[in-house]
Amino acid sequence: MVESLTHDARGVAHIDGKTTFIEGALPGERVRFRYHNKRPRYDTGTTLEVLEPSSDRIEPPCPHYSSCGGCSLQHLAAPAQVRAKQKILAETLEHVGRVEPRQWLAPIEGPPTGYRRRARLGVRFVPKKGGVLVGFRERRHSYITPLDSCLTLDPRLGALLPPLRDTIGRLSRPDRMPQVELSAADSGCAAVFRHLEPLTPADLEHLRLFAETNAITAYLQPGNPSTVHALWPRPAPVLSYYLPDFDVNLAVAPTDFIQVNGAVNRQLVTQAVTLLELIPADRALDLFCGLGNFTLALARHAGYVFGVEADAGLIERARANARTNALANVEFQAADLYGDDGLEFLSGRWTKLLLDPPRAGAMEVIKALPADGPQRIVYVSCNPATLARDSEYLVRVLGYRLEAAGVADMFPQTSHVESIALFVRA
């Protein structure tokens with residue numbers, strides 16, 4: 001009998017006392033499976049047949065699901081996916097951080113399909129498979145699953161898949177274009193073509209026609225991200241998205257990091273601002289602020305907000321976004337939040353703090369907080385393990401109380417767990 005679900009969507013069973021992780025199996029099921037690996041402490045395998053299905057099991061709606069590595073939970077009904085993520089968060093906080101929130105927040109949910117507004121697609125030229133393949137990597141392999149549709153992509157991006165494959169197939173060296181990055185903003189869509197060799201005039205015309213025909217902006221990337229430049233149209237229209245609860249419009253570059261799910265991001269920003277209980281007298285600090293996704297919303301309610309981010313390019317766009325939105329009570333600084341130097345700003349008299357770190361968490365800045373630190377801290381996390389680790393330090397060393405926590409289903413159909421937690425100074 002499968003007992004539970006891991007953070008990467010594998011079923012957990014115990015066979016003769018040994019833990020076995022089974023891909024494709026759900027809690028409560030009996031399955032027949034094939035072993036992948038047998039290790040001293042645990043085994044792994046893949047489901048071959050479901051003998052007794054869970055009541056939450058559904059038929060995966062995507063025809064590519066069996067091979068594509070983009071999704072891992074399409075065989076589980078959407079409400080059950082959210083419950084599984086809530087359980088993972090609760091168990092991780094308890095077992096890793098030895099903490100439990102006083103209150104569980106209602107999950108933040110959006111559409112279960114068509115939500116993904118950013119995607120980096122792999123491209124391979126494989127003559128034996130018919131030519132150009134465009135898609136996500138296969139599960140457990142570096143091969144590409146060729147996609148002609150995608151359940152999770154914003155429909156505007158999903159519609160680009162067939163013409164994208166055909167266009168790359170017409171290039172002089174399709175084998176020298178390893179990836180395409182797609183972006184869907186409120187204001188339009190863009191594609192960034194990574195190419196390893198100079199493109200011929202004919203190549204450029206093929207890409208220009210692709211962009212014009214599909215009403216998107218085409219960018220070229222001949223080297224690192226700093227080399228990205230517009231091909232068509234020029235000048236390139238500004239990509240942007242809107243936060244209606246705060247009347248904030250944010251301009252983004254086509255390769256910028258943004259929260260991938262627009263509907264969930266809007267709710268997440270609103271919840272973060274609500275939990276912080278901002279007043280005009282507040283001095284708020286936003287760490288790992290990016291291009292101002294949370295910062296500018298905070299500035300609508302706090303007296304002063306200071307955003308910090310390591311990427312200097314994102315900081316420049318954050319400053320421009322503040323000017324565009326006529327917010328004069330916000331400032332930004334570029335600083336390495338994982339370094340030992342440059343964290344002097346943490347000693348300021350900050351009353352509220354928002355953290356939105358990458359998967360590595362925020363332990364370095366948390367350890368640098370003064371004893372009389374912010375009254376309230378909202379921590380937005382993309383990794384329950386580092387959230388739990390950092391929560392233990394905040395609670396047991398700095399004396400905060402974990403007041404509330406909950407999940408945000410940022411990536412439906414996948415095992416990714418996004419969460420939000422509120423810490424209050426005791």
Just to verify a number: FRET efficiency for Arg98 and Lys129, C-beta to C-beta distance, R0 = 56 Å, to 0.05?
0.65
Amide H within-cut-off set for His195, under 5 Å, with H built and near neighbours excluded
Gln221
Integer Hz, Karplus 6.51/-1.76/1.60 couplings in order for the stretch 33-47, x for Gly and Pro
9, 10, 5, 9, 9, 10, 10, x, 9, 7, 10, 10, x, 10, 5
Helix-derived [θ] at 222 nm for the chain: sum -39500 (n - 2.57) over DSSP H runs of at least 4, divide by residue count, nearest 500?
-6500 deg cm²/dmol
Flagged as over-length at 31 Å C-alpha distance, from Lys85/Lys129; Lys18/Lys367; Lys18/Lys85; Lys85/Lys367; Lys87/Lys367; Lys18/Lys128, the pairs are Lys85/Lys129; Lys18/Lys367; Lys18/Lys128
Per the 1/(1 + (r/R0)^6) rule, R0 = 45 Å and r from the Cβ atoms of Ala159 and Glu91, FRET efficiency to 0.05 is 0.70
For Gly131, residues with placed amide H under 5 Å, excluding near neighbours
Val126
Need one word for the chain: rounded, prolate or oblate. Basis is the Cα gyration tensor (sqrt eigenvalues a ≥ b ≥ c); a/c below 1.5 gives rounded, then a/b vs b/c decides.
oblate
Each label point is 7 Å from the Cα along the Cα-to-Cβ direction; what then is the distance between the points at Glu277 and Asn214, in nm?
4.9 nm
Antiparallel %, DSSP beta bridges [both residues in the chain], to 5
65 percent
In nm, spacing of pseudo-spin labels at Ala106 and His141 (7 Å Cα→C-beta vector)
4.4 nm
Determine ³J(HN,Hα), in whole Hz, for all residues of the stretch 151-159 in sequence, where each value follows from phi through the Karplus function 6.51 cos²θ - 1.76 cosθ + 1.60 and θ = phi - 60°; x replaces Gly and Pro.
5, 8, 5, 3, x, 5, 7, x, 5
³J(HN,Hα) across the stretch 52-62 via Karplus (A = 6.51, B = -1.76, C = 1.60, θ = phi - 60°), whole Hz, x for Gly/Pro?
10, x, 6, 5, 8, 6, 10, 6, x, x, 9
Which cross-chain or sequence-distant (5 or more) residues have an amide H under 5 Å from the amide H of Ala119, H modelled 1.01 Å from N in plane?
Leu182
Under a point-charge model restricted to the Cβ atoms of Lys and Arg (+1) and Asp and Glu (-1), what is the dipole moment magnitude of the stretch 1-57 relative to its Cα centre, in debye to the nearest 20?
280 debye
For an R0 of 41 angstrom, estimate the FRET efficiency from the Cβ-Cβ distance between His229 and Ala360 and round to the nearest 0.05.
0.85
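No lab work stands behind these numbers, since they all come straight from the coordinates. None of the values given here were measured: they were computed from a predicted structure. Backbone-built Cβ (ideal geometry, glycine too); neighbour counts: all protein chains shown.
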